[in-house]
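Read through the structure below, which is laid out as structure tokens, and then see the notes.
Laboratory data are not the source of any read-out in this text; all were calculated from the coordinates shown. All values reported here derive from a predicted model rather than from experimental measurement. Cβ sites come from the backbone with ideal geometry, for glycine too, and all protein chains shown count toward neighbours.
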Amino acid sequence: MPSTCPCLNEGCNCCIQVFNACIEFENQLALDSVSFAVPPGVLTGVVGPNGAGKSILFNALVGLQPLAHGKILINGCPPKNSKTKISYIPQKERVNWRFPLSVRDVVSLGTAASTSLLANIRITSRDNDLIEESLRKVDMWHKKDHLVSTLSGGQRQRTFIARALTQNADILILDEAFSGVDISSQEGMLQILRGLRDEGKTILVATHDLNTLAAKFDYVLCINRHICAYGKPELVFTKDVLIELYGSHSEMFTTHQIGQHTHVD
Amino acid sequence: MLIDAIIEPFQLTFMMRALVVCVLIGVMCPFLGAHVINREMGFMGDALAHSVLPGMVGATILGFSPLLGAIPTGIVVALTIGYIVKKSNVSNDTSIGIMFTALFAFGLVLLSLHGDEEIHVEDILLGQITTISNTDVLVTVFLALVTFAIMVLLHKQLVFVGFDYEGAVVAGLPASRIDYLLLALLSIVIVVSLQIVGIILVVGMLITPAAAASLIAKRFSSAIVLGIVFGVASGVVGLYMSYYFNVPSGPAIALTSTAIFTLSFLNRLRTT
Ligand SMILES: [Zn+2]
Ligand SMILES: [Zn+2]
Ligand SMILES: [Zn+2]
């Protein structure tokens, strides 16, 4: 484990550490030398325009996307062999809504990785309690028998958050969680996420729209193919940063050549 | 009188064997079919069915039952299709289409080169219940039991991977292996069904009862159960039709399941 965490604090306990990560995607540099660290128990917004590389960064954090170079550690381990339980809530376009699953069905999937095979035929009362508790926490218990495909955007997100809870995940990663969610439901979701943060969950939420929401995260990571700014929203959201973030980044990436990156660790 | 008409066909041993296989595929096809329709894998199923022809012909030439040749061929083709789907960025349909037509053509050439009157093209294409042997029945029972057990035990895992692949990977499920397993089971069920319904109509058995059930049942698990009821009904009714009207079993079963689908569709129109 490297001696200095990207947060630059001695003796920190950051659970997500990203060191000089470059990601190539479809022969383009999607992320250029990204370094940052996230301490446990915070709610971080990852903001940037469409195509800024937020989803690719998230995929890399959960081990779905390889790095061109650099490294990512989740509690000290590379994402693929990390023992930390992570729950990934993909953009709605990545989910196959044709499956006629009820809210309860989806939430019970959270136990699929941890329980024995027999649990498929004999649901224990412990599992039932866990599912009920998770659904109540996100205020979806009254909708438990509804089909997820018929729910609103906000209700779907809450269902997936409940699935993360039955999965007993410590880190929640939500891609574009607020898109297609109306303003009043956004506030409710934020409330739920804050509650989970207070219980010690580490939560990353990507969002491309910079309305009033972005200011309500503990930290914001502004990315547009590199990190434009990272910190508390009141310090980060300056006019200069926003112009930079949404401006053209075309003159970047002079040091990184696709496919032939020289390793410097 | 009616009782006689119901019992009569099954005093023939080949009809009894056909009944056993019919009930088993009536259970297995809609069970797998529920996943197939939600994952839009119907084309893959059709490709699988056509691709096993060389295996069936090869086994017959060597003096084995076509079923025994079709099983290994089906599994190899299923895993190859799985690999193509995972690795290719270009259209899967194109590569799968090329592969299955090539294998099907190769099977037809083998068939005509061999020129044995013991193998009839129509039997392989449309299903032939009179040639099912006791060994075929035993193999079918065994494979159906194994497939059924896996589908039940891994139900949640199969649903998770089909519904939200990336979420499943991150949750720690071996999603890629689960996809391959589903394809292997699909190939087994298709191959077993070929005996009764034949290569051309097997996809009908796979998707029609499952699709009919999905029009009526609200949830996935109840759609599976209802699909199985429809599948068994199609198989058994089709078998009687085949016996009394002297038509091939495959088309008789396919028409029965289509009738069930039509009724389900009309019922849906009425209720919505
Ligand atoms: Zn740190
Ligand atoms: Zn680089
Ligand atoms: Zn920038």
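Miscellaneous remarks
- Shape class of the range A:100-168 from the Cα gyration tensor (axes a ≥ b ≥ c, square roots of the eigenvalues): prolate, since a/c reaches 1.5 or more and a/b is larger than b/c.
- Choice from A:I243, A:I227, A:I86 with maximal GNM fluctuation in chain A (Cα, 10 Å cutoff): A:I243
- Taking amide H as placed 1.01 Å from N in the peptide plane, A:V46 has its amide H under 5 Å from the amide H of A:V205, A:A206, A:T207, A:L221, each at least 5 places away in sequence or on another chain.
- Summarising the overall dimensions of chain B from its C-alpha atoms, the Rg and Dmax are 18.5, 62 angstrom.
- Relative contact order, whole percent, for chain B stands at 31, derived from Cα pairs under 8 Å and 6 or more residues apart.
- Label-point separation, B:F142 to A:R136 (7 Å along Cα→Cβ), nm: 5.1 nm
- GNM result for chain A, Cα springs below 10 Å: residue of A:N59, A:N27, A:N13 fluctuating most strongly: A:N27
- In sequence order, calculated HN-Hα J values of the range A:78-92 (Karplus, 6.51, -1.76, 1.60; Hz; x Gly/Pro): x, x, 5, 10, 6, 8, 5, 7, 10, 10, 10, 10, x, 4, 4
- Residue range of chain A that is longest and free of GluC sites (Glu not before Pro) which are both DSSP loop and sparsely packed (at most 13 other C-beta within 10 Å): A:27-198
- Per-residue HN-Hα couplings for the range B:76-87 [Karplus 6.51, -1.76, 1.60; θ = phi - 60°; Hz; x = Gly/Pro]: 4, 5, 4, 5, 5, 4, x, 5, 4, 4, 6, 9
- Computed from the C-beta positions of A:N20 and A:E244 and an R0 of 22 Å, the FRET efficiency is 0.60 to the nearest 0.05.
- Amide H within-cut-off set for A:L31, under 5 Å, with H built and near neighbours excluded: A:I23
- Share of alpha-carbon pairs per 5 Å distance bin for the range B:33-83, given as whole %: 5, 22, 24, 20, 15, 8, 4, 1
- Summarising the amide proton neighbourhood of A:K201: residues at separation of 5 or more, or on other chains, whose placed amide H is nearer than 5 Å comprise an empty set.
- Convex hull volume per residue, computed on the Cα atoms of the range B:1-76, equals 118 Å³.
- Taking every DSSP bridge with both residues inside the protein assembly as shown, close to 50 percent are antiparallel.
- Principal-axis tilt of helix A:183-198 within chain A, Cα atoms, nearest 10 degrees: 90 degrees
- Fluctuation leader among A:V241, A:V38, A:V106 - chain A, Gaussian network, Cα springs under 10 angstrom: A:V241
- For the range A:100-168, a simple Cβ point-charge model (Lys and Arg +1, Asp and Glu -1, everything else neutral) yields a dipole of about 120 debye relative to the Cα centre.
- Gyration tensor (alpha-carbon) shape descriptor, the range B:5-157, a/c threshold 1.5: oblate
- Whether the protein assembly as shown is rounded, prolate or oblate, judged on the alpha carbon gyration tensor where a/c under 1.5 counts as rounded: prolate
- Model label points for B:T272 and B:Y244, set 7 angstrom from Cα along the Cα-to-Cβ axis, are 3.4 nm apart.
- Peptide-level mean, for A:80-88, of C-beta atoms on other protein chains within 10 Å: 2
- Evaluating 6.51 cos²θ - 1.76 cosθ + 1.60 at θ = phi - 60° for every residue in the range A:216-224, the Karplus couplings come out as 9, 7, 5, 10, 10, 10, 8, 10, 9 Hz, glycine and proline recorded as x.
- Euclidean distance of C-alpha centroids, the range A:71-117 and the range B:110-179, integer Å: 28 Å
- Helix-derived mean residue ellipticity, 222 nm - over the protein assembly as shown, DSSP H n ≥ 4, -39500 (n - 2.57), to 500: -18000 deg cm²/dmol
- Spacing of the modelled spin labels on B:V85 and A:N81, each 7 Å from Cα toward Cβ, amounts to 3.1 nm.
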